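Structure, as structure tokens:
The values are calculated or read from the model by the stated rules, or taken from the named source; none is laboratory data. All of these numbers come straight from a predicted model, not from anything done at the bench. Neighbour counts run over all protein chains shown; Cβ positions are idealised from the backbone, glycine included. Ligands, DNA and RNA are excluded from the accessible area calculation, which covers all protein heavy atoms including side chains. Shrake-Rupley method; radii C 1.70, N 1.55, O 1.52, S 1.80 Å.
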Amino acid sequence: MAKITLSNLAHRYAPLGSQASSYALTEINHVWQDGGAYALLGPSGCGKTTLLNIISGLIKPSQGRVLFDDNDVTGVPTEQRDIAQVFQFPVVYDTMTVRENLAFPLKNRGMAKPDIQARVALIAEMIGLEELLDSKARRLSPDAKQKISLGRGMVRESVNAILFDEPLTVIDPHLKWELRTQLKALHREFGHTMIYVTHDQTEAMTFADKVVMLHEGRIVQIGTPEDLFEQPEHTFVGHFIGSPGMNLLDASIHGDLAMLGERAVPLASAYGTVAGRTQIGIRPEHIRVMADGGLPAEIRAVENVGHRRIVRAHLDGHSLNIVLPPGEPLGTGTLHLQFPPDKINVYADEWRVAGSIR
Amino acid sequence: MEKRQNNKAWLLVLPVLILVAFSAVIPLMTVVNYAFNDTFGNNQFFWNGLGWFEEMVRSERLHAALGRQILFTGIILLIEVPLGIFIALHMPKKGFWASLCLVLMALPLLIPFNVVGTIWQIFCRIDIGLLGRGMAELGVDYNYTNDAFDAWLTLIVMDVWHWTSLVALLCFAGLRSIPDAFYQAARIDQSSRWDIFRHIELPKMSGVLLIAVLLRFIDSFMIYTEPFVVTGGGPGNATTFLSIDLVKMAIGQFDLGPAAAFSLMYFLIILLVSWVFYTVMVSRDEGAQ
């Protein structure tokens, strides 16, 4: 197990100067702490798989270094990095039984037979495949196959980190939950450094202690699931996390007031002069409805999803989502809204601005 | 919802049925007719029962031709299948060179069979052929027209030249369908090159490989045109394979009864082998699910 450091890392697929020389990853400096459970979250094409493959050594970065503990492994090939990777589609050796699959990496490393047997038995118990040990791997269901590929990674004791590349894509929805819980338990028990790539925020939030949010090849925020929800550092994070995402409204900032056109919205702290395009962001879950006063918003549609209602409303031409608990019918009139000051984030040119506490 | 059977749909199959009747069923029945009857012309037939079959089963000549046929098919399968796999594994994976390879390899497959025969017949002639004359100049005693071994060698090299591409192209397609993740996982597992082949590549292309073997089996087992053009079945009967022998018997000697019994048995052998292949393929597919 090891701490993984990415230093000054960047990658582009096409050579510099050619037409498509845009960077898949730009300037990443980050330390993955030993034993952490990380999720690498972002939409398709944001560079998360590229980043993962750089860590595993399947791709050599165009620039920068990768360190395992203090050893520079940038030039070290995958097979010598002692990492495990679980891919989007389950990779099993069709010709082998489950037992042989699990023993394969150890056999290749020349481990003694009795040691292999003991280790395989242990891992099979951990991933819950003891009963299938002697069946052919190709006859198993996708989730069992995915467990095998996870087991093949964990079977090596020296493994530095386990990397997951959207491992639940082909798994049935009701089994996803179970596998994720199992992963989490394995992490607690054995403390491997785990990096989990996904575009599914629920997966990321439930799996990880720390979520690394990637956007257009850049890390835009690293934080706990709470941080990402309450204080998105970038409007993209606010928009991407949550369903529906954060409401972003153009506003001008004057001290501790945000002006939505003519309407003043009080903020929790004072902001100096904020340059650039300024916006305030508020989560649909945080907006309060009052009997009277506040910001008048016109109801456009109400979607009832059982445990909550999503109201699509208009406030002076801005569209706004509000999440309300189930309750009295809302009708079609006007809602009186209040934005709790401590729940409002202020953004300048997409990045969050911190206010000074009064 | 209950689906109603509409039997009028069978009418749509009728044209094909008529076509197949004229192209296959009726000619086959004619053959069956000859196989169980004897005739001296004038369209007069005399019932002979299994007589022709008994004669053919005991025929030394047929045994010899069948033996040669099995040997030939066995040899070319043993050469073409591994060679095809080897070529597929070493072909460029993408880009200009991959396209060039594909085109070059497809070329022999596009040449008509009798042209292939003619090319090699001329190529190997010891008086004017590039290869034959070249061998003679080098002092190699090579003459496919009067040496049985040389004749076999020529036919085998010709068939390998003609058909290895088919195996290679099918295998190449099978290999291309393997996701990169498998190779990446194999690297992480420190798999050897042989293990990658044995446990990833071979199982993943076994489906297409089975089809390649089946096609090559059927084609080579029925081979006629090329040996007919190159050696004419000679020297002696050295390269008289089943088809060549059959034609000699039916058209050369006009022994229609024995030839008909012969062709039915020939047909049954191929049908049997194809059925075995089919069963294996189907059971494999079921096993994979």
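Things worth noting here:
- Filtering A:VAL211, A:VAL170 for residues that are touching a Pro at 6+ places or on another chain (Cβ under 7 Å), touching a residue at least 24 places away in the same chain (Cβ under 8 Å) and surrounded by fewer than 17 Cβ atoms within 10 Å (Cβ to Cβ) leaves a single hit, A:VAL170.
- Counting only residues that are surrounded by fewer than 17 Cβ atoms within 10 Å (Cβ to Cβ) and within 14 Å of the chain's Cα centre (by Cα), segment B:241-273 holds 5 of them.
- For segment A:326-349, the set of residues classified as modelled with pLDDT of 85 or more, assigned to a loop (DSSP other than H, G, I, E, B) and surrounded by fewer than 15 Cβ atoms within 10 Å (Cβ to Cβ) consists of A:PRO340, A:ASP349, listed by residue number.
- Any hit, segment A:142-158, residues being open to solvent by 30 Å² or more (accessible area, probe 1.4 Å) and within 9 Å of chain B (Cβ to nearest Cβ): no
- Residue check, A:VAL120 under 21 Å from A:LEU163 (Cα atoms) and within 9 Å of chain B (Cβ to nearest Cβ): no
- Qualifying residues in segment B:189-212 (those that are of a type in the set (Asp, Glu) and without any contact (Cβ under 8 Å) to a residue 60 or more places away in the chain) - the one nearest to the other protein chains (Cβ to nearest Cβ): B:ASP189
- One residue from B:GLU80, B:GLU55 being open to solvent by 70 Å² or more (accessible area, probe 1.4 Å) and touching a residue at least 60 places away in the same chain (Cβ under 8 Å): B:GLU55
- Any pair with Cβ under 9 angstrom, 6 or more apart, that starts in segment A:106-117 at a residue that is more than 10 Å from every other protein chain (Cβ to nearest Cβ) and touching a residue at least 12 places away in the same chain (Cβ under 8 Å) and ends at one that is among the β-branched types (Val, Ile, Thr) and surrounded by 14 or more Cβ atoms within 10 Å (Cβ to Cβ): A:ILE116/A:VAL155
- Scanning segment A:77-90 turns up no residue that is of a type outside the set (Gly, Ala, Ser), away from every other protein chain (no Cβ under 13 Å), surrounded by 22 or more Cβ atoms within 10 Å (Cβ to Cβ) and touching a residue at least 24 places away in the same chain (Cβ under 8 Å).
- Check on A:ARG352, surrounded by fewer than 14 Cβ atoms within 10 Å (Cβ to Cβ) and part of a strand (DSSP E or B): no
- Among residues of segment B:231-289 being within 27 Å of B:MET158 (Cα to Cα) and of a type in the set (S, T, N, Q), the one that is nearest to the other protein chains (Cβ to nearest Cβ) is B:SER274.
- Residues located in segment B:171-188, provided they are more than 7 Å from every other protein chain (Cβ to nearest Cβ) and open to solvent by 40 Å² or more (accessible area, probe 1.4 Å): B:ALA173, B:ARG176, B:SER177, B:ASP180, B:TYR183
- Options A:THR50, A:THR97; residue that is among the polar types (S, T, N, Q), open to solvent by less than 30 Å² (accessible area, probe 1.4 Å), over 24 Å from the mean Cα position of the chain (by Cα) and more than 9 Å from chain B (Cβ to nearest Cβ): A:THR97
- Residues of segment B:226-254 that are touching a Phe, Trp or Tyr at 6+ places or on another chain (Cβ under 9 Å) and within 21 Å of B:TRP52 (Cα to Cα): B:PHE241, B:LEU242, B:SER243, B:ILE244, B:ASP245, B:LEU246, B:VAL247, B:MET249, B:ALA250.
- Qualifying residue in segment B:131-139 (condition: closer than 27 Å to B:LEU102 by Cβ, open to solvent by 40 Å² or more (accessible area, probe 1.4 Å), modelled with pLDDT under 90 and not polar (S, T, N, Q)): yes
- Of all the residues in segment A:214-231, those that are open to solvent by less than 10 Å² (accessible area, probe 1.4 Å) and farther than 20 Å from A:ALA37 by Cα number 1.
- When residues of segment A:267-293 are limited to those that are assigned to a strand (DSSP E or B) and in contact with a Leu (Cβ under 6 Å, 6 or more places away or on another chain), the one most open to solvent (accessible area, probe 1.4 Å): A:VAL289
- Per-region count, segment B:114-130, residues open to solvent by 40 Å² or more (accessible area, probe 1.4 Å) and in contact (Cβ under 8 Å) with a residue 60 or more places away in the chain: 3
- B:GLY233 meets all of the listed conditions (1) on the phi < 0 side of the Ramachandran plot; (2) more than 15 Å from the chain's Cα centre (by Cα) but one, namely (1).
- Within segment A:294-310, being outside any strand (DSSP E or B) and either at negative phi or open to solvent by 70 Å² or more (accessible area, probe 1.4 Å) (or both) holds for A:VAL305, A:HIS307, A:ARG308.
- If only residues of segment B:140-152 that are among the charged types (D, E, K, R) and in a loop (DSSP other than H, G, I, E, B) are counted, the one that is surrounded by the fewest Cβ atoms within 10 Å (Cβ to Cβ) is B:ASP141.
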